[in-house]
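Down below is the structure, laid out as structure tokens.
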Amino acid sequence: MTETITRGAANQAGAHINKDAYAEAKDFLPLNGVDHVEFWVGNARQAAHYYRALWGFTPVAYAGLETGVRDRTSYVLRQNDITLVVTGALSPDTEIAEHVKRHGDGVKDIAFGVDDATSSWRETTKRGARSEMEPAELDGGEDGVLRRSAVGTYGEVRHSFIDRRDYHGAFAPGYRKIKKPAAAATGLSLLEIDHCVGNVELGDMNKFVEYYRDVFGFAQLIHYDDKVIHTEYSALMSKVMTNGNGRIKFPINEPASGKKKSQIQEFLDYYLDNGTQHIALRTEDIVGTVRQLRENGIEFLGMPHAYYETLADRVGDVGVPIDTLEQLGIEADRDEEGYLLQIFTRPIQDRPTFFFEIIERHGSRGFGVGNFKALFEAIEIEQARRGNL
Ligand code: FE2
């Protein structure tokens, strides 16, 4: 039996939590976590510097002409358990160039670490996944063999399955280690990917919820209805899917009708497809990390003073003075399990599409539903500045 309860606290109304989600998730697809996220971008070399100099990622591996790769340039960037890959095209007639032309910079691959790339592919394609890459052994010579396969999800995003157990080289065959990388920004402590959010067309949310349930064996953790995620003008709905060990959490958003354009619709209008809206990076020092990111020039969504005036009443003690939260623009939320602190960047590329979230969790496994309304009002101010509301 699925137990669905509606949170009692006023700011949690409209959030339907499924307490049995982890037990319900099927284990035919054991996932060890997110191996890496790959962005296809207009200029990988400059994107790599952005993540290094501003976000504190160390460039650890490179693929391109010098390593025998003829159609693309890739940099692998790492910070603790987070691995990002930025890839750009070397000629106009490649799928990478086409992707960037249509979508701008964006997420192409949310890759899972697995113990068996063949059975992961077989189990998911058997259940209806679109194959993007049949199981393959990439020969790394002395470095061993990397096994991988891939299936598609919403839009042009794909999920690769990566088995590194017999591979000891730099990231993957075709890559070489960057021996003396330029120094990464210091003072940042981003630890792991907390969740990855997909934006899909109106009517597609349930389709992809079912896709993650039927094809990947995920279960629905939370359903936020449009009663909780709306402002005076616009609305959205969201369902959060999780795998059995809770390491993978994918909220799926779709726009809901309102007087004006939903932020989800703005994303879709500029990305021209379903796509990844944001990735949340977990830290255990959000104050120090955000302070450093701001010094480095990263721009965040601003929250109004009124938000902080009532914050202490809503969330109680969150270990950081409210003044400090306001100074840095950090939001807080509390549910029955604990609290969380979070903040959202502005879109990080030219188009108003992908952005990052930084999150610090203290017991709460939620997504900051108490902040949704204030947050969406803040986004609407930015949408209006862009002439898109
Ligand atoms: Fe999020």
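Restricting to region 75-99, count the residues that are under 26 Å from K249 (Cα atoms) and either without any contact (Cβ under 8 Å) to a residue 24 or more places away in the chain or of a type in the set (A, V, I, L, M) (or both).
Initial filter on region 75-99 (under 26 Å from K249 (Cα atoms)): 75-87, 99.
After this cut, where a residue has to be either without any contact (Cβ under 8 Å) to a residue 24 or more places away in the chain or of a type in the set (A, V, I, L, M) (or both) as well, the list is 76-78, 82, 84-86.
Summing the residues that are under 26 Å from K249 (Cα atoms) and either without any contact (Cβ under 8 Å) to a residue 24 or more places away in the chain or of a type in the set (A, V, I, L, M) (or both) in region 75-99 gives 7.
Quick check on A89: is it assigned by TED's automatic domain parsing to the domain that holds R45, touching a helix residue (DSSP H, G or I) at 6+ places or on another chain (Cβ under 8 Å) and surrounded by 22 or more Cβ atoms within 10 Å (Cβ to Cβ)? Let's see the steps before the verdict.
Values: assigned by TED's automatic domain parsing to the domain that holds R45: yes; touching a helix residue (DSSP H, G or I) at 6+ places or on another chain (Cβ under 8 Å): yes; surrounded by 22 or more Cβ atoms within 10 Å (Cβ to Cβ): yes.
Against the criterion (assigned by TED's automatic domain parsing to the domain that holds R45, touching a helix residue (DSSP H, G or I) at 6+ places or on another chain (Cβ under 8 Å) and surrounded by 22 or more Cβ atoms within 10 Å (Cβ to Cβ)), A89 qualifies.
Find the helices (runs of 4 or more DSSP H) located wholly in region 258-342 whose residues include 1 or more that are closer than 18 Å to G370 by Cβ and away from the ligand (no atom under 16 Å from the Cβ), and list them. If you could, list the steps in order and put the result at the bottom.
Numbers: elements: 263-271, 286-295, 305-309, 311-315, 322-328.
Where helices (runs of 4 or more DSSP H) fall fully within region 258-342 and carry at least 1 residues being closer than 18 Å to G370 by Cβ and away from the ligand (no atom under 16 Å from the Cβ), they are 305-309, 311-315, 322-328.
Give the residue, chosen from G174, G152, that is over 23 Å from Y22 (Cα atoms), surrounded by fewer than 20 Cβ atoms within 10 Å (Cβ to Cβ), of a type in the set (G, A, S) and under 17 Å from the mean Cα position of the chain (by Cα). Outline the logic, then answer.
Working: G174 fails: under 17 Å from the mean Cα position of the chain (by Cα).
After applying the criteria, what remains is G152.
When region 371-389 is examined, which residues are found to be of a type in the set (F, W, Y) and out of contact with any helix residue (DSSP H, G or I) (no Cβ under 8 Å at 6 or more places or on another chain)? Give the derivation first.
Within region 371-389, the subset of a type in the set (F, W, Y) is 372, 376.
Selection gives F372 alone.
Please specify each residue of region 61-80 satisfying the condition of being among the hydrophobic types (A, V, I, L, M, F, W, C) and either out of contact with any Lys or Arg (no Cβ under 8 Å at 6 or more places or on another chain) or modelled with pLDDT under 95 (or both). Reasoning before the result, please.
So in region 61-80, the residues among the hydrophobic types (A, V, I, L, M, F, W, C) come out as 61, 63, 65, 69, 76-77.
Residues satisfying the conditions are L65, V69, V76.
Residue by residue through region 343-373, note down the ones that are more than 11 Å from the ligand (Cβ to nearest atom) and closer than 23 Å to Y271 by Cα. Walk me through how you get there before you give the answer.
Step one: list which residues in region 343-373 are more than 11 Å from the ligand (Cβ to nearest atom), which gives 345-354, 360-365, 370, 373.
Passing the criteria: T345, R346, P347, I348, Q349, D350, R351, P352, T353, F354.
Of the residues in region 220-235, how many are closer than 25 Å to I381 by Cα and either touching a residue at least 60 places away in the same chain (Cβ under 8 Å) or assigned to a loop (DSSP other than H, G, I, E, B) (or both)?
11
Between a residue in region 345-368 that is within 17 Å of G319 (Cα to Cα) and any residue that is more than 15 Å from the ligand (Cβ to nearest atom), which pairs come within a Cβ distance under 6 Å, given they are 6 or more apart or on different chains?
Sorted first by the residue in region 345-368, then by its partner, the pairs are H362/G338; H362/Y339; G363/E337; G363/G338; S364/E337; S364/G338; S364/Y339.
Any chance you could count how many residues in region 168-190 are outside any loop (DSSP other than H, G, I, E, B), over 29 Å from G288 (Cβ atoms) and out of contact with any helix residue (DSSP H, G or I) (no Cβ under 6 Å at 6 or more places or on another chain)?
Filtering region 168-190 down to residues outside any loop (DSSP other than H, G, I, E, B) leaves 176-177, 190.
Keeping just the survivors that are over 29 Å from G288 (Cβ atoms) gives 176-177.
If we keep only those that are out of contact with any helix residue (DSSP H, G or I) (no Cβ under 6 Å at 6 or more places or on another chain) as well, we get 177.
Total meeting the criteria: 1.
Test of understanding: among V320, V287, which residue is farther than 28 Å from F267 by Cβ, crowded, with 18+ Cβ neighbours inside 10 Å, aliphatic (A, V, I, L, M) and out of contact with any Asp or Glu (no Cβ under 7 Å at 6 or more places or on another chain)?
Result: V287 is the single residue among V320, V287 that is farther than 28 Å from F267 by Cβ, crowded, with 18+ Cβ neighbours inside 10 Å, aliphatic (A, V, I, L, M) and out of contact with any Asp or Glu (no Cβ under 7 Å at 6 or more places or on another chain).
Go through region 255-289 residue by residue and tally those that are within 27 Å of I82 (Cα to Cα) and of a type in the set (G, A, S).
Looking only at that region, the number is 3.
Would you check if there is a residue in region 237-257 being closer than 17 Å to G370 by Cα, away from the ligand (no atom under 16 Å from the Cβ) and in a strand (DSSP E or B)?
The answer is no, given that none of the residues of region 237-257 is closer than 17 Å to G370 by Cα, away from the ligand (no atom under 16 Å from the Cβ) and in a strand (DSSP E or B).
Being among the polar types (S, T, N, Q) and within 16 Å of the chain's Cα centre (by Cα) is the filter here; which residues of region 32-85 pass it?
First pass over region 32-85, keeping only residues among the polar types (S, T, N, Q): 32, 43, 46, 58, 67, 73-74, 79-80, 83.
Q79, T83 - these are the residues of region 32-85 that are among the polar types (S, T, N, Q) and within 16 Å of the chain's Cα centre (by Cα).
I'd like to know if region 77-84 contains one or more residues that are more than 21 Å from N296 (Cα to Cα) and not small (G, A, S). Talk me through it step by step, then tell me what you get.
First, the residues of region 77-84 that are more than 21 Å from N296 (Cα to Cα): 81.
Now restrict to residues that are not small (G, A, S): 81.
Checked against the condition, which is being more than 21 Å from N296 (Cα to Cα) and not small (G, A, S), region 77-84 yields at least one hit.
The values are calculated or read from the model by the stated rules, or taken from the named source; none is laboratory data. Just so we're clear, the structure is a prediction, and the values are computed from it rather than from any experiment. Heads up, the Cβs are rebuilt from the backbone with ideal geometry, glycines too, and the neighbour counts pull from every protein chain shown.
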